[in-house]
Amino acid sequence: MGNQATGMKKADAQRRETLAILVGGGPAPGINSVIAAAAIEAMKSGLRVVGLREGFRWLAEGDTSHVDELELEDISRIHLTGGTILGTSRTNPAHDEATLQHVIAALSALGVRYLVCIGGDDTTYGATQIAQRTKGKIGVVTVPKTIDNDLPLPENAPTFGFETARAVGAEIVESLMEDARSTGRWYLAITMGRKSGSLALSMCKSAGATLAVIPEEFRGNKFDLAQVVDTIVGAIIKRRATGHDNGVAVIAEGIAERIDTTALAAAAASKADPYGHIHIADIPLGILLRDRVHAALKQLGIEVTVVAKDIGYELRCAKPLAFDVEYTRTLGYGAVRYLLGGGSGALVALAGGRVTPIDFDQLLDPNTGRIRVRTVDVSTESYEVARSYMIRLEPQDFEEPALSVLAAQTQLSAASFKARFMASALVYTGVGPCFRG
């Protein structure tokens, strides 16, 4: 009787259309909530649901054995948990023609009619290639996931996972601020954010850290590491002038991609990921900045303990906040309704409380052929408020009497101090009224 029931179950599964779910890129709080919402809505609509383990990794090899049949009891409570029950990888399904054909053939062999991809810009790019090649035979949709908050969503909506990462990160920064105050030291906290400084800036703003340093503040595609060092050193000097010998600088890891790689010896030895990105985790940005900042301070006659602290991996699998749970349940539901409505080749977002599909073609940068990245707009009031509460050298600090007060903290004359640090006060490229002049 048991064998007969199993056989009937398999036959029923074969008759139903199949929806597959996979996760690409790094983890982010809320992934499991998307999986649960999408799976439940698909099951309610009579679909068979499978989870593809480790993103595109096995599909890229034509391997169809790493697949989980998802049942209601498997996913009914996972929306409250961090991480991903399906695992993830950074495998690029469109790395080359052979890889793309393997992925499409594997999906076809599994009988996949609909594909939900949970990921960021790289996963979305891979999904665009599958959608273009299959021409509707496989309905493809992407759910925007990244703690970096760097996908161009309508109404400047956050990517899911960002709000939780910001909250957890801000708590860590608050602890570092208290430790810095208690021990009389400075922390350089390096946070995730390859292309966008959104997470670093938001953590700083939320926690009230001393300052944030993000790549969007610097002109040009590349800039000198010395500009970053002087920005931090200037903040340390300005804070000392008010009688405080401690602080926390929150620095976006994307700084490493914008600094001339000749300044980053480790970058040459760092292997690129399947999407061609430098593996930033291999670049000891915090250690490099710590040593450069310490050396610059010593040259100025200032003795300060400077500690590098990486904040990143501990944010990605945190238990999602209620915001991210609610947000992702709507996105998961919306992704399935979009597919069942005949849609394919889009990313689902929320605008005005409504699920809003954005065609993949609208997301592509015509110059690069890749997914456009949203960066911090340093001309907005949102940035202006963050900047106005930071301790950083500003143009007005180079006027008397402030100039002499700052120079007195060093071994430099007022004129020499101005010549050394004036450039670091002008890296801001926005037009906010607080920073004109």
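The values are calculated or read from the model by the stated rules, or taken from the named source; none is laboratory data. For clarity, every value in this text was computed on a predicted model and none was experimentally measured. Cβ: placed from backbone, ideal geometry, glycine included. Neighbour counts: every protein chain shown. To get the accessible areas, we keep the full protein, side chains included, count just its heavy atoms, and leave off ligands, DNA and RNA. Shrake-Rupley method; radii C 1.70, N 1.55, O 1.52, S 1.80 Å.
Ranking Ser89, Thr64, Gly126 by Cα position along the charge dipole of region 54-139, where only Lys, Arg, Asp and Glu carry charges on their C-beta atoms, puts Gly126 farthest toward the positive end. For the chain, the longest principal axis of the alpha carbon atoms and the long axis of helix 225-240 meet at an angle near 60°.
Given +1 at the Cβ of Lys and Arg, -1 at the Cβ of Asp and Glu and no other charges, the dipole of the chain around its Cα centre is 420 debye to the nearest 20. Packing, as the average of other Cβ atoms within 10 Å across residues, places the peptides 120-130, 86-96 in the order 120-130, 86-96, highest first. Taking the average, over residues, of other Cβ atoms within 10 Å as the packing measure, peptides 355-368, 204-217, 187-200 rank 187-200, 204-217, 355-368 from highest down. Taking all protein chains as they are arranged and a probe of 1.4 Å, the heavy atoms of Leu52 leave approximately 0 Å² accessible to solvent.
Each residue, Glu303 and His66, gets one label point 7 Å from its Cα in the Cβ direction; the gap between the two is 5.4 nm.
Computed per residue of the chain from DSSP H runs no shorter than four, each worth -39500 (n - 2.57), the mean residue ellipticity at 222 nm is -12500 deg cm²/dmol. In angstrom, the C-alpha Rg and Dmax of region 296-397 are 21.7, 68. Our note on the geometry: Cα centres of region 189-233 and region 332-360, 34 Å apart.
Across region 243-259, coupling constants 3J(HN,Hα) worked out from phi with the 6.51/-1.76/1.60 Karplus curve, θ = phi - 60°, read x, 10, 10, 9, x, 9, 9, 9, 10, 6, 4, x, 3, 4, 6, 9, 7 Hz, and Gly and Pro carry x. Model label sites at Asp74 and Asp377, defined 7 Å from Cα along the beta-carbon direction, differ in position by 4.2 nm.
Length gained on full extension, Arg181 to Ala351, computed as 0.36 nm times the residue gap minus the Cα-Cα distance: 57.0 nm.
For the modelled label position 7 Å from the Cα of Asp291 along Cα-to-Cβ, which residues of region 304-339 have backbone nitrogen atoms closer than 17 Å? The answer is 306-310, whose backbone nitrogens lie closer than 17 Å to the label point.
In the full protein context, the chain carries 43 Å² of accessible surface per residue, based on a 1.4 Å probe and ignoring ligands, DNA and RNA. Apolar share of the accessible surface for the chain: 50 percent from carbon plus sulfur atoms, 1.4 Å probe.
Between their Cα atoms, which of Lys238/Lys298; Lys44/Lys319; Lys145/Lys205; Lys205/Lys418 are more than 19 Å away from each other? Over 19 Å Cα-Cα: Lys44/Lys319; Lys145/Lys205; Lys205/Lys418.
Considering only Val116, Gly26, Ala351, and ranking their Cα positions along the charge dipole of the chain that arises from unit charges at the beta-carbon of Lys, Arg, Asp and Glu, the one farthest toward the positive end is Val116.
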